[in-house]
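The values are calculated or read from the model by the stated rules, or taken from the named source; none is laboratory data. Just so we're clear, the structure is a prediction, and the values are computed from it rather than from any experiment. Backbone-built Cβ (ideal geometry, glycine too); neighbour counts: all protein chains shown. Side chains included, ligands, DNA and RNA excluded: accessible areas come from the protein's heavy atoms. Shrake-Rupley method; radii C 1.70, N 1.55, O 1.52, S 1.80 Å.
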Protein chains: 2
Amino acid sequence: MKIAFIGMGTMGAAMALNLLKAGFDVTVHNRTREREIPLEKDGANRAATPAEAAAKAEIVITCVSDTPDVERVVMGSEGVVHGASPGTLIIDMSTISPEATRVMAAALAKQHLKMIDAPVSGGSEGAKEGTLAIMVGGSKEDVAAAMPVLEAMGKNITHVGPNGAGQTTKAINQILIAATYLGVAEGVSLGVKAGLDMEKVITAVGGGAAGSWVLAHRSGNMITNQYPLGFRVRHHFKDLRIALDLARNLGVTLPVAALAEQIEAGLIGQGHGDEDVSALARAIRNLSSIS
Amino acid sequence: MKIAFIGMGTMGAAMALNLLKAGFDVTVHNRTREREIPLEKDGANRAATPAEAAAKAEIVITCVSDTPDVERVVMGSEGVVHGASPGTLIIDMSTISPEATRVMAAALAKQHLKMIDAPVSGGSEGAKEGTLAIMVGGSKEDVAAAMPVLEAMGKNITHVGPNGAGQTTKAINQILIAATYLGVAEGVSLGVKAGLDMEKVITAVGGGAAGSWVLAHRSGNMITNQYPLGFRVRHHFKDLRIALDLARNLGVTLPVAALAEQIEAGLIGQGHGDEDVSALARAIRNLSSIS
């Protein structure tokens, strides 16, 4: 099967490589074109524009930064719509606005193009190892058609609902992450300041109602006040903006997510945007009298 | 071994029963004395005051509501100190101030009485089944002496550090709970309002960085907007006050815990204090346009 893959960032490049390894015929495109070269060495074709990449493909995957980027590579003057044959399926694996996703899917349907949203979680490690969680929104038929391709990139693949449902689920994922990281940051900060042996504390509380992935896997960063990647603060910040915009439009109040977004704005301003999200503990420590 | 158990609340009565089942000679006391009667039927002795209960015991356990209650039953005019023989070990299993715990332990040491703090988590179910997590602060020797008794009531027993460390760990536990419940409340509220199939959403996000005990075990309450016990809002509220007081004294900033405490104040005022802590989602739903 011929696949076009647009967006050779850290995530996209690793995901496209897994498609090549699975035996798909992959054509790649990236705005900064030299990023296509490593994939070419691994057997991919290159295309000068999203339209050109799409012309050769049955399935087009987009994995770019934000809503305007997806709109540009899909709908723009050199976008997928200007190259794709009727019936082509577009799988958007970026994290973008659920509302914009629904609008785009409807516009594409009028041009006899299919679209599903399939944002991921699991970070660059999950992308490399092909173990991403993939949250999928779209019609039953389109999701079924995409499944062999998605299975080459991820493990926990859930068809959540219609167009946009994948993006809304990703927004929920980022809200949960915001609160859990911030809560663990507060708990660890108190324990560190109180002089407790935090490994023992985590053993004591981790098995019960206070337990979380973050407590098990990221409290160590917060204890040592070192935040190697991981998942970048600036990416979570961008995703929280999408979640907060959605919440505003729906009339839902998200006080903790909003607090996390504000704290992350400060972290980014201080030059910590490329640290792991566990750097929320850096902010709590800086607010507190913790040396 | 002779044990005095002071405080026959839901937790204390269940814990004392497990001591009886384990073959300990137990004398119980409760301010409202008729609460002692069920335990008497199960084989416990009764005592009219904490002092009288302590007179017969090698180990005295206190499991009462709050800091002033522990101070009263231990140090008050009819308190443990007026009955206990030198060398008696007091195990306080209430959730109270770590600072007051340290002061009390020091005062008791001058009277040749030993004390450890051993607050629990796991709720009334854990108390009944003897599966409580127990967070222990005190000297190595005193904790070792208490261990056979604690093992009759709990499973995950961790000696965290010196006097007060158990209570500080419990405070951290309640901070983690505050943020995780509130975050899941926000995520679920957004998903419900967006019309998603929330069971699918939880499957999609629960295995990754957004995963938590609360998401796995309490999101169901939040989806149906029904909050059966569980762990009472009013008890978590009281415990958060202890955590926030400690944080103030240490100079640590806990914005999410403080927000949860404020929201819980409103829930209690609205008559929801005896619902499960997952009722934080009731508050988020009430703030939002969710019917």
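Among residues of chain A, the one whose beta-carbon sits closest to the A-to-B rotation axis is listed with its distance in Å as A:Ser212, 2. Listed by chain and number, the lysines whose alpha-carbon sits under 21 Å from that of B:Lys21, ignoring those within fewer than 8 places in the same chain, are B:Lys2, B:Lys41, B:Lys56, B:Lys128, B:Lys155. Label separation (A:Asp274 vs A:Met147): 4.1 nm, computed from points 7 Å beyond Cα along the C-beta direction.
Over all Cα atoms in region A:1-49, the spread is summed up by Rg and Dmax: 9.2, 26 Å. Think of the protein assembly as shown as a dipole: +1 on every Lys or Arg Cβ, -1 on every Asp or Glu Cβ, centred on the Cα centre; then among B:Gly206, A:Asn221, B:Ala171, B:Ala171 lies furthest on the positive end.
Listed by chain and number, the aspartates and glutamates whose alpha-carbon sits under 15 Å from that of B:Lys238, ignoring those within fewer than 8 places in the same chain, are B:Asp66, B:Asp69, B:Glu261, B:Glu264, B:Asp274, B:Glu275, B:Asp276. Rounded to the nearest angstrom and listed largest first, the equivalent-ellipsoid semi-axes of region A:168-287 from its Cα gyration tensor are 25, 16, 12. Spherically averaged projected area of the convex hull of Cα atoms, region B:1-82: 4.5 nm².
If you take every DSSP beta bridge whose two residues both sit in the protein assembly as shown, what share of them, in percent to the nearest 5, is antiparallel? The antiparallel fraction comes to roughly 15 percent. The residues neighbouring B:Glu151, those whose beta-carbon lies less than 14 Å from its own, together hold a net charge of +1 under the Lys/Arg +1, Asp/Glu -1 convention. Using C-alpha pairs under 8 Å with a sequence gap of at least 6, the mean separation divided by the residue count of region B:4-135 gives a relative contact order of 23 percent. Region B:129-159 and region A:1-28 have their alpha-carbon centroids 54 Å apart.
When both region A:257-290 and region B:222-291 are represented by their alpha-carbon centers, they are found 24 Å apart. Position B:Ser77: other-copy label points at 9.1 nm, ordered by increasing distance, label point 7 Å along Cα→C-beta.
With label points defined 7 Å past Cα in the direction of Cβ, position A:Ser139 shows copy-to-copy spacings of 7.6 nm, given to one decimal and shortest first.
Expressed to the nearest 5 percent, the antiparallel share of DSSP beta bridges inside chain A is 15 percent. When accessible surface is computed with a 1.4 Å probe, chains A and B are found to bury approximately 4700 Å² between them, both chains counted.
Sorted into 10 angstrom bins from 0, the C-alpha pair distances of the protein assembly as shown split as 4, 17, 24, 20, 15, 10, 6, 3, 1 percent.
Shielding by partners for peptide B:282-291, expressed as the average number of C-beta atoms from other protein chains within 10 Å of each residue's C-beta, is 3. The translational diffusion coefficient of region A:2-162, from Stokes-Einstein at 20 °C and 1.002 mPa s with a Kirkwood hydrodynamic radius over alpha carbon pairs, comes to 143 µm²/s. Entry note: chain A has Rg to Rh equal to 1.02, where both radii use alpha-carbon atoms and Rh is the Kirkwood radius. Counting only protein heavy atoms and a probe of 1.4 Å, the accessible surface of region B:6-81 is 48% carbon and sulfur. The residues of region A:1-111 expose on average 41 square angstrom of accessible surface per residue, using a 1.4 Å probe on protein heavy atoms.
For chain B, calculate the relative contact order in percent as a whole number, restricting contacts to Cα pairs under 8 Å that are 6 or more residues apart. It comes to 14 percent, rounded to a whole number. Per the Debye calculation on region A:243-291 with a single equal scatterer at every Cα and no solvent contribution, log₁₀ I(q)/I(0) for q = 0.15, 0.28 Å⁻¹ amounts to -0.47, -1.01. With a Förster radius of 51 Å applied to the C-beta separation of B:Arg234 and B:Thr203, the computed FRET efficiency comes to 0.95. Of the Cα atoms belonging to region B:126-196, the radius of gyration and Dmax stand at 17.4, 57 Å. Projected onto its three principal axes, the C-alpha set of region B:101-233 covers 63, 27, 26 Å, listed from the longest axis down. The accessible area of B:Glu78, taken with all protein chains in place and a 1.4 Å probe, comes to roughly 110 Å². Per residue, region B:163-274 exposes an accessible area of 33 Å² to a 1.4 Å probe, with every protein chain left in place.
Using the Cβ of A:Thr67 as centre and a radius below 14 Å, the other residues enclosed give a net charge of -3, where K and R count +1 and D and E count -1. Computed from the C-beta positions of B:Gln111 and B:Ser65 and an R0 of 30 Å, the FRET efficiency is 0.80 to the nearest 0.05. Rounded to the nearest 500, the helix-only mean residue ellipticity at 222 nm of chain B stands at -16500 deg cm²/dmol, with each DSSP H run of n ≥ 4 adding -39,500 (n - 2.57).
As an exercise, use a Förster radius of 30 Å and the Cβ-Cβ distance of A:His82 and A:Lys155 to find the FRET efficiency, rounded to the nearest 0.05. So, using R0 = 30 Å, E works out to roughly 0.30.
Comparing the full protein assembly with the isolated chain, the residues of region A:238-276 losing at least 20 square angstrom of accessible surface (1.4 Å probe) are A:Leu250, A:Gly251, A:Val252, A:Thr253, A:Leu254, A:Pro255, A:Val256, A:Leu259.
Counting from the shortest, the label point at A:Gly266, 7 Å from Cα toward Cβ, is 2.3 nm from the same position in each remaining copy. With a 1.4 Å probe rolled over the protein heavy atoms of all chains, the accessible area of B:Ser124, A:Ser65 falls in the order A:Ser65, B:Ser124, largest first.
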